[in-house]
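Everything below concerns the one structure shown next.
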Amino acid sequence: MITEYDHLPIRCPKLGHKLNFHYCRTGDSGEPCRRILHCWSERLSIKEFMQEHYGDETMAAITAPPKDKVYSLLELIQQAQENAKKAKERKAAGDG
């Protein structure tokens, strides 16, 4: 059962506070945190759990090396610009 460990707590090194396994495997986007294997390896057979409940694409995403910080910042800037443009277009459509 995928929810069997959801109640287990851990201190998240990324967010800096205590949270449950459920958050680690679902996050904000519904996808597992890329650090889930590292953080839970001493407490669970996490690799086996992930392979059982998630596909190859998810496993590849969480085991891939992290993106370069500059590249990540550029992506965030691009997203912000796109969101601002969409908001401006929605506002203009409402005014017209």
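FYI, it's all coordinate maths here, none of it is from the lab. Worth saying up front: this structure is predicted, and the values here are computed from it rather than measured. Because the Cβ atoms are built from the backbone with ideal geometry, glycine has one as well, and the counts that use them run over all protein chains shown.
If you go through the stretch 51-75 and keep only what is surrounded by 10 or more Cβ atoms within 10 Å (Cβ to Cβ) and hydrophobic (A, V, I, L, M, F, W, C), you end up with M59, A61, I62, L73, L74.
Under the condition of being within 24 Å of P66 (Cβ to Cβ) and either under 15 Å from the mean Cα position of the chain (by Cα) or exposed (fewer than 10 other Cβ atoms within 10 Å of the Cβ) (or both), the residues counted in the stretch 5-17 number 6.
Restricted to the stretch 26-42, and to residues that are under 8 Å from the mean Cα position of the chain (by Cα) and of a type outside the set (G, A, S), which residue is surrounded by the fewest Cβ atoms within 10 Å (Cβ to Cβ)?
The qualifying residue surrounded by the fewest Cβ atoms within 10 Å (Cβ to Cβ) is D28.
Scanning the stretch 61-96 for residues that are charged (D, E, K, R), part of a helix (DSSP H, G or I) and within 23 Å of R34 (Cα to Cα) yields K69, E75.
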